[in-house]
Every structure is written in structure tokens, then in C-alpha cells.
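Enquirer: Pasting in a structure now, in C-alpha cells, and then I'll have a few things to ask.
The values are calculated or read from the model by the stated rules, or taken from the named source; none is laboratory data. In this text, all values refer to a predicted model and were calculated from it rather than measured experimentally. Here the Cβ is made from the backbone with ideal geometry for all residues, glycine too, and neighbour counts use every protein chain on show.
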Amino acid sequence: MQSLTSLRKLPSRQLQHQVMLLLTLPYRSAWIVYMTLMFLVLFIPPLETALWFARAMHPWTHLGLQIFKTGFWALYLILAITTMAMKPVLKYEQLWALWKIWLMVGIALNLVCCIGALVYGAVVLRRWRRVERAYERLEEPAVKAGGPDRSSSTDALVS
């Protein structure tokens, strides 16, 4: 980045170019972040499938992945709606209208599918926690229930 004093020495054409580069820096860096997130979102379903087949998919992991995907697609839908209000990218107006419809339907469908998977992940986590609590209750010592303590078997052999 150039300092403000060095920008003053430039001719007006170069100055405009440098100012535009400075102003579009957040926009250009946002594309890098967007492409990284898009790669992660496209990488998650094969990862979920591999973990599921290996029986290594923990309910918390599943729910976390679903939250990430749903958040990404919700943010992307908001950004797509805001960019649709801007200047058309395509040359022909009819083609631009069809593209907007196609894009909105695709993103909304993807978001609905992610919300469905998020709800399913929450249900799976709830069932898993309920079963885990049931096993914890089964493993409680009998002393709490008022019965004899069977945790040390040597006492029973001595008496």
C-alpha cells in the first residue's frame, strides 16, 4: 500500500487507478474468503459420508458441520439477494431475469436442504444424549439405591 503523500505525486490517471485498487481491496479479499468457504462447504458432504461409513461420526460433529453449512448458505442467500439489486452481469435482460430466478431457486433449495439436515442433526444429538443418560443411570452404584455395595467383590469373599 502506498502512503498518502506518494499518491499526491502521481498523475491523475494513476491516482485514480491506485485509489480504485485501495477501495476494491476488501472486495477482492472477500472473494478469497468466499472461495475458501465454498471449497469447505463442497468438501463437507464427502467428509460426512466417509465418517459415517467408518462409524466415526459423532453427533456433535454432525451438528457442527450442519450449523456451518446452514450458516454459509444463509449468508450466501443474503449476499445473492443484495447483488441482484445491482447492475446486471449478463447482456440480455431476459437472460438476466432467468439467471436471477435460477440462482435464487438454487440457493433457496440448498438452504432448505441444509436446514432439514440441521434439524435432523439436532434430533440425532437429542436421541444420543437421552441414550447416554440412560446408560449413566444403569451404571450408578447400588448404594445410591439403598442396596449393598457390590463394587468391591473381595469384601464379600472375606466374610
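Enquirer: What about Ile115, is it of a type in the set (A, V, I, L, M), modelled with pLDDT of 90 or more and surrounded by 14 or more Cβ atoms within 10 Å (Cβ to Cβ)?
Expert: Criteria met by Ile115.
Enquirer: Is there any pair with a first residue in region 112-132 that is within 18 Å of Ile67 (Cα to Cα) and in contact (Cβ under 8 Å) with a residue 40 or more places away in the chain and a second that is in a helix (DSSP H, G or I) and of a type in the set (Ser, Thr, Tyr) whose Cβ atoms are under 8 Å apart and which are 6 or more apart or on different chains, and what are they?
Expert: The qualifying pairs are Cys114/Thr70; Ile115/Thr70; Ala117/Thr70; Leu118/Thr70.
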